Structure formats: structure tokens, C-alpha cells
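Take a look at the structure below.
The values are calculated or read from the model by the stated rules, or taken from the named source; none is laboratory data. Quick caveat, the model's predicted, so the values are computed rather than measured. Every residue, glycine as well, gets a Cβ built from its backbone with ideal geometry; the counts of neighbours run over all protein chains shown.
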Amino acid sequence: MGILRLLLFPFCLVYGFITWVRNKLFDWGILPSKSFNIPIIGLGNLSTGGTGKTPHVEYLVQLLKDQYRIAVLSRGYKRKTRGYLEAAKNATARDIGDEPLQIARKFPDALVVVCENRRKGIKRILKEHPEINLIILDDAFQHRYVKPGLNLLLTGYYKPFFRNFIMPCGNLREFKRGAMRADALVVTKTPNVFSPLDRRFFLGNLKPYYDKPNIFFSYLAYKDWLPLYKETPENTETSIKTIFLFTGIANTIALEEHLKRNSEELVVNKFPDHYQFKSSDLIRLRRQYNNKFSRSKIIIVTEKDAMRLQHPKLKEILKELPVYYIPVEVVFHDEDRENFEKLVFEFLSK
């Protein structure tokens, strides 16, 4: 344990004790956890981010959209508005947050709503949209005033919760044993090639904190990158020498590995998760790009970053540069896809 972590340890105990007491109040029924007469699937994590919740929400929407009228309810982290707000066609990341905006653009037939108070949000959805017959709660594992019918917990393969510490020593929101509240656990962002030995080793480390049978392993498949704007210059190069990664997401390990395999040089510009980019950040990026001597170079951002780069002032700085975003999709390993989907459909059939 480092000296800083040692100094912060008493604060970890205080924070952990507060969250433990809060969870016990819900467990004992002193604080109410409300169920609704509609199927609700909750996704969340023990850490503050970086587990790939949004692609897994999209996976569920894609899986179920032909059979259900779906509403996705999120807090809308880092938005500049407050209260209940539905994603309109002209919504921006400042209005509803980058992740809800990404989901709304990808699935226009789904109702995407942001509201800090999940219980109030669900009540209003049911009142104003009686056609909705399935709600997906994004980042709701600690929002215990609502009791999902199916509670899914996500943890990253490279940064699993069992190797993490509670805040402020690490970025866990509660003690590790909180994982036992989940009906199923999805280990995300695993390597594309994932051996049975790797699986057994991970399950062995996981067992002291989560010993239920429903454990699934997924990875992110990166798709062809797409131009950030209509005005983005077309990339005609068949091979890229230098990639500038410009991103504000919590965990870039898997993305960096992917881009390294597709270039000779990777220049990384990282910002905090959900970071609201400033003009000065993009001017610095443009200068860095122009000063780099390379026969073939390109700028890559994530799909979530792309939502925050749509502001006209930011677009004006970048529109003449080859800036592309890289979509991702969730893929489950081996029989995990069939077993995960079976779990979801069995829950919905009840």
C-alpha cells in the first residue's frame, strides 16, 4: 500500500462504513426499495466508471427492441440541466449527457430519459408513456430506492473490483461484498482471445466476493471508424502510420491496444471521464497534429467523445482535420451469449 493510500485509509473506512449502513437500511426495509409492475433491468458497477455500461445497455436494446417498447432511464451524468428530460431530436450532450445521447441517436425508436431521481423518472415514464413495457436503468446499482427485477453488475477484466479499493483510496463506491446483490455479473473488456485457463483463474479470484453461477465474459469489438462530421476530410490511406487518440473516457486500455495494432505510432491525449472539451484543448490537439511529421496520420475519438464534440464552436476547430470516431459493440465469449440471453428472456417471461 502506497504512502498516500495509507494516509487516506481512515477516510476509506469512514466512507465504507457510511455506504455499508445505507445498504443495511435497505436490506432491513427501513429505507424503502420500490418495485414496479413492469419489467426493469438494472445495469451498474461497484466502481465509478470504465466498465463499458453503455455498450451493454445498447446490447440489451438491440436484443429486445423488436419485442418490447423500451425506455432507457439514466441520471445523465455531467449534463447541464436538471430534473426529468426526454431525449429530443435536437438534444445535445449538455442537455442529457453524452451516453444517453449516444443511445438516443443509435436507437431512435427507444425512449431515452434522464432524471436524477430514478423512482420519479419511472413513475413519469409510466404515466406519460403507457406503451412502454420494459425499462432499462443505466448505472443504477447503488440507486436502491428502485428494485430492478434483474440486477446486472459489470466489472472490467483489466481493472476488476476485487483488485480495487474503496474511495478515496480507489474508485469503489461500496465494499466488494456488495457484488452479492447482483443477479448476474458480466466481466467486460476481456481479451478477444480468452482461454479456459484465463476464465478459471479470474473466477478463482472472484469467488470470495461473488459465488453465484451467473457469470458471463464479454469483450468490445471495434468497428470501422467513421467521420466525426460531414465536413471531415476523407481518409484515403490504406495503412495509418500515426494515430492521435483524443478521449475523455474512464478506461482506455483495450482501445489503446486495438489502435496500436492498427498503426505504427499511437499518441495518446487522455482526459477525465465525461470531460467537457474546451476550445483550448482542441487548438492544442490541432497544433500537435500539424507539428507531427508523418506520411499518414489521423485523429481518433470514441463514440462517447463524439457526442461532446458536436458543439459548433468545437466543430469549427476540428472540421478540416481527419477526425474519426470508432464505434464498438459487445460480443460475448463462447456459450456466454446464449446463456446471458437465456437469463434475460427467462426473467422477462415471468
Among residues of region 224-241, those that are in a loop (DSSP other than H, G, I, E, B), under 25 Å from the mean Cα position of the chain (by Cα) and surrounded by 12 or more Cβ atoms within 10 Å (Cβ to Cβ), counted: 3
Selection count, region 41-96, where residues are within 26 Å of Leu314 (Cβ to Cβ) and among the hydroxyl-bearing types (Ser, Thr, Tyr): 6
Residue in region 200-216 that is touching a residue at least 60 places away in the same chain (Cβ under 8 Å) and out of contact with any Leu (no Cβ under 8 Å at 6 or more places or on another chain) present: no
Selection count where residues are within 26 Å of Leu63 (Cβ to Cβ), surrounded by fewer than 19 Cβ atoms within 10 Å (Cβ to Cβ) and of a type in the set (Gly, Ala, Ser), scope region 82-104: 1
Matching residues in region 169-223 - criterion: being within 29 Å of Tyr15 (Cβ to Cβ) and in a strand (DSSP E or B): Leu172, Ala184, Leu185, Val186, Val187, Thr188, Ile215
Residue tally, condition within 12 Å of Thr48 (Cα to Cα) and either of a type in the set (Asp, Glu) or in contact with a Phe, Trp or Tyr (Cβ under 6 Å, 6 or more places away or on another chain) (or both), over region 144-165: 1
Pair list, Cβ under 9 Å, 6 or more apart: region 1-21 residue assigned by TED's automatic domain parsing to the domain that holds Ile166, other residue of a type in the set (Val, Ile, Thr) and at pLDDT 90 or above: none
Hits in region 65-113 (condition: in a strand (DSSP E or B) and either within 15 Å of the chain's Cα centre (by Cα) or small (Gly, Ala, Ser) (or both)): Ala71, Val72, Leu73, Ser74
Every residue from region 123-143 that is more than 24 Å from Thr48 (Cβ to Cβ) and either without any contact (Cβ under 8 Å) to a residue 24 or more places away in the chain or hydrophobic (A, V, I, L, M, F, W, C) (or both): Lys123, Ile125, Leu126, Lys127, Glu128, Pro130, Ile132, Leu134
Every residue from region 29-64 that is part of a loop (DSSP other than H, G, I, E, B) and not aliphatic (A, V, I, L, M): Gly29, Pro32, Ser33, Ser35, Phe36, Asn37, Pro39, Thr48, Gly49, Gly50, Thr51, Gly52
